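What follows is a single structure, written as structure tokens, with notes after it.
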Amino acid sequence: MEGGAYGAGKAGGAFDPYTLVRQPHTILRVVSWVFSIVVFGSIVNEGYLNSPSESKEFCIYNRNPNACGYGVTVGVLAFLTCLLYLALDVYFPQISSVKDRKKAVLSDIGVSAFWAFLWFVGFCYLANQWQVSKDSPLNEGTDAARAAIAFSFFSIFTWAGQAVLAFQRYQIGADSALFSQDYMDPSQDSSMPYAPYVEPSTGPDTTGMGGTYQQPASAFEPEPQGYQSQGY
């Protein structure tokens, strides 16, 4: 798991492609990117058909153009969103500000959760329209229609996984922001006045810890001067 403030343990460091491709959220972004291509590519290539008696093409999903339009729109926008956040992942280690890293991670959580919801709606919509639609002429496009539905379903989990990983990065960053390079020890802040120096107390030790030092009597203390009579 990544360390540092909001997943940037080496903020300001050089870009490391090997580390990037091994990160779970990067893998999920690439998988989501591929799934989006499959969805809108299947609908664009084989989702519009025409019968021998009709010259105008119709959507394979119950002849509902909104269903095909929704699948293509969500697929294309998800494709672009994946590219955008992959670029952000490349740039993320160079962000030195904790606030900017926090905003990036929070946006990742929100966008990923939003796309998981859109794919859920898309899966339900396409599956319903395909269920009520009649057989296509010569069974054309059936594989593409089913592929779009299946990969819409898979995309729900890839985007939800991105949201979960981003939330974990946010939690780790919130715990480690104190140790980021943007944190300044208050004792090192020159704008803060120094506390006056208080000399340790020399009074009696009330705590019993031996805080008061008493000089022992010298063994070589001189005898009192003068003649002293001795009794016999």
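The values are calculated or read from the model by the stated rules, or taken from the named source; none is laboratory data. For clarity, every value in this text was computed on a predicted model and none was experimentally measured. Every residue, glycine as well, gets a Cβ built from its backbone with ideal geometry; the counts of neighbours run over all protein chains shown. Quick note on the areas: whole protein, heavy atoms, side chains included, nothing else; ligands and nucleic acids left out. Shrake-Rupley method; radii C 1.70, N 1.55, O 1.52, S 1.80 Å.
Annotations
- Size of region 109-168 as Cα extents on the principal axes (Å, biggest first): 49, 16, 12
- For PHE58, residues with placed amide H under 5 Å, excluding near neighbours: LEU49, ASN50
- Share of carbon and sulfur in the accessible heavy-atom surface of region 33-85 [1.4 Å probe, %]: 62 percent
- The residues neighbouring ASN45, those whose beta-carbon lies less than 12 Å from its own, together hold a net charge of -3 under the Lys/Arg +1, Asp/Glu -1 convention.
- Computed from the C-beta positions of VAL132 and ILE37 and an R0 of 35 Å, the FRET efficiency is 0.85 to the nearest 0.05.
- Gain upon complete extension [LEU86, GLN23; 0.36 nm per residue less C-alpha separation]: 21.5 nm
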